[in-house]
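Undergrad: Attaching a single structure in structure tokens format; questions to follow.
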Amino acid sequence: MGNRTIVPFGPQHPVLPEPIHLDLVLEDEKVVEAIPQIGYIHRGLEKLVEKKDFQQYTYVAERICGICSFMHGMGYCMTIESIMNVEIPERAKFLRTIWAELSRMHSHIMWLGLLADAFGFESLFMQSWKIRERILDIFEETTGGRVIFSVCDIGGVRKDISPETLQKIVGILQLVEKELKELTEVFLRDTSVKARTKGVGVLSKQAAFDLGAVGPMAKASGIELDMRTQGYAAYGQLKFKPITDTKGDSYARTKVRIKEIFQSIDLIQQCVTLIPEGEVKVKVTGNPSGEYFTQIEQPRGEVVYYAKGNGTKFLDRMRVRTPTFANVPALLETLKGCDLADVPILILTIDPCISCTER
Amino acid sequence: MSILSMTKTLFKNLFHGPYTTQYPIKKKDYYERTRGKIEIDIDACIFCSMCQRRCPTGAIQVDKANSSWSIERLSCIQCNYCSEVCPKKCLHMDQQYTSPSFGKVRDEYIKCTNTQSQGES
Ligand code: SF4
Ligand code: SF4
């Protein structure tokens, strides 16, 4: 047995490599155990339901995370709509799906860039983010914001997208698809990329299941777990199959995310052909009374929203279980036995978002 | 399996100019919906305080007695909620964001209509 040392890892900048702190117990260069600690950027957003009424809280919910901001707003709105028995217009459902899938795309492309950055492939990082910019531009054009959209509301969505703009989006996505095909080849075929991802951080199917992994983490280990199959928003009317892989290593997780980007492009194209005409919002009156919980699929995996209303305009309780929180045990499992140099990449492959986790 | 998979992209980039906009020489074109900052048409305002009550960040302050409407620019999150609830539709979202500042700025707008103040007194 070699000498045991403890190396503190993190916390670092909230964007990336994320403010998670790990005490890495090392034996020579191998990690024996990782002890996590979170709580560096707790902002008390759940507590805010006592101060902001349920309509205002939509804006707070969006700010839980800067990457899945649309999905957080959507998940919260869906929960409140279910409590209040509001049926939103069909067109709003499709618009929500389009924005949600665009969010997934920009999140995954951003992640690809960060992965490249983590193993020092700077030009690949820049290329990925260059492509992501096109999607942020679509967001700015359709919602008015690049990161925080303020477009999802209880009872539907605030803004409509005109048919011309929808066609324009399809055109841009075709271009993005072409550029991405070229770029993702590098992620999947390049020797140096493969050297850092193939066979690193293997999570078996059983371990993923036992530790409750979600999202691409579970999918890459062969678990077909995708909340979109429940058919919320317009997903029930679209044709798709969750993407899975069997290897369970970092390479498989990269592959799953890359395939999900192309799947999102396909889903948006389906939405554009199927989207019906009509209203985008219904008027909501009264206050929520009762409780409900919603699951939706974020880029990082399944997220759970729980809200409890008491008939006043202030909710009693609002709770979010974020995907990163569910993936931390699986992360600790993959860290066991890895090299110290692989730790940053392994943390990255769960696509951590500590800001959501601590809210 | 290759080590030259980036070559095509790299060559393309070699002959392509910069992808970034050369600010401040070239200004960015805003979209119609871009949310920059809240502007008020103070003459139309009736000081009903609806915007103040609904603003999620408490950026707006309405003073009916002095006919003044003010906004804390750094607190505002450009959510557009105030402009949606305003009964007189006198608030609107401008595409240009506020210029940088060293401290917290409260922009105050005062309505100066003699007719109204006379009518109230
Ligand atoms: S809601 Fe409109 S009319 Fe009322 S105080 Fe605000 S700006 Fe003025
Ligand atoms: S845009 Fe939002 S944050 Fe800004 S003043 Fe209006 S309601 Fe308040």
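Any read-out appearing in this document is the output of simple, stated calculations on the displayed coordinates, not a laboratory observation. If you're wondering where the values come from, they're calculated on a predicted model, not measured in any experiment. Here the Cβ is made from the backbone with ideal geometry for all residues, glycine too, and neighbour counts use every protein chain on show.
Undergrad: Taking every pair of alpha-carbon atoms in the range A:270-341, give the share separated by more than 14 Å as a whole percent. Walk me through the intermediate numbers first.
TA: Working: 1926 of 2556 pairs.
Beyond 14 Å sits 75 percent of the P(r) for the range A:270-341.
Undergrad: Net charge around B:R54, counting only other residues with Cβ within less than 11 Å of its Cβ (Lys, Arg = +1; Asp, Glu = -1)? Spell out each step's value before the answer.
TA: On the way: positive: A:K52, B:R53; negative: A:D53, B:E84.
Charge balance near B:R54 sits at 0.
Undergrad: Continuing with the same structure: Arrange A:H21, A:H72 by Cβ neighbour counts within 10 Å, fewest through most, would you?
TA: Numbers: A:H21 17, A:H72 29.
Arranged by neighbour count, lowest to highest, A:H21, A:H72 become A:H21, A:H72.
Undergrad: First select every other residue whose beta carbon is under 14 angstrom from the beta carbon of A:E87; then total the charges, Lys and Arg +1, Asp and Glu -1.
TA: Values: positive: A:R91, A:K93, A:R96, A:K281, A:K283; negative: A:E81, A:E90, A:E279.
Local net charge: +2.
Undergrad: Separate question: Kirkwood hydrodynamic radius of the range A:129-274 from all distinct Cα pairs, in Å? Please list the in-between numbers first.
TA: On the way: mean 1/r = 0.0581 Å⁻¹.
Kirkwood hydrodynamic radius for the range A:129-274: 17.2 Å.
Undergrad: With N set to the number of residues, divide the alpha-carbon radius of gyration of the range B:33-91 by 2.2 N^0.38 Å and report two decimals. Kindly include the intermediate steps, with their values, before the conclusion.
TA: On the way: Rg = 10.5 Å, N = 59, 2.2 N^0.38 = 10.4 Å.
That ratio works out to 1.02.
Undergrad: While we're here: Report the GluC sites (Glu not before Pro) located in the range A:1-71 that are in a DSSP loop and have at most 11 other Cβ atoms inside 10 Å of their Cβ, or state none.
TA: Passing both the DSSP loop test and the Cβ count: A:E29.
Undergrad: Counting other C-beta atoms within 10 Å, which of A:K241, A:K130 has the fewest, and how do the rest follow? Mind dumping the intermediate values first?
TA: Values: A:K241 9, A:K130 17.
Ordered by Cβ neighbours within 10 Å, fewest first: A:K241, A:K130.
Undergrad: What whole number of Å gives the distance from the Cα centroid of the range A:3-74 to the Cα centroid of the range A:179-211?
TA: Rounded to whole Å, the Cα centres lie 24 Å apart.
Undergrad: Counting other beta carbons within 10 Å of each residue's own, what order do B:V62, B:V85 fall into, fewest first?
TA: On the way: B:V62 19, B:V85 15.
The fewest-first ordering by Cβ neighbours comes to B:V85, B:V62.
Undergrad: Another question, then. With no solvent and one equal point scatterer placed on each C-alpha of the range A:4-358, evaluate the Debye formula and give log10 I(q)/I(0) for q = 0.08, 0.11, 0.15 Å⁻¹, two decimals.
TA: For the range A:4-358, the Cα-only Debye profile gives -0.38, -0.73, -1.31.
Undergrad: What is the magnitude of the charge dipole of the range A:207-322 about its Cα centre, with +1 placed on the Cβ of each Lys and Arg, -1 on the Cβ of each Asp and Glu, and no other charges, expressed in debye to the nearest 20? Show your work: numbers first, answer last.
TA: Details: 17 positive and 13 negative charges, 50 e Å.
That gives the range A:207-322 a dipole magnitude of about 240 debye.
Undergrad: Work out the mean other chain Cβ neighbour count within 10 Å for the residues of A:49-57 and drop it here as an integer.
TA: Values: counts 0, 0, 2, 3, 3, 0, 4, 7, 1.
Across A:49-57, the average partner-chain Cβ count within 10 Å equals 2.
Undergrad: Determine the equivalent ellipsoid of the range A:74-168 by diagonalising the alpha-carbon gyration tensor, then write out the semi-axes as square roots of 5 times the eigenvalues, largest first, rounded to whole Å. Don't skip to the answer; put the middle values down first.
TA: Numbers: eigenvalues 188, 50, 17 Å².
Its equivalent ellipsoid spans semi-axes of 31, 16, 9 Å.
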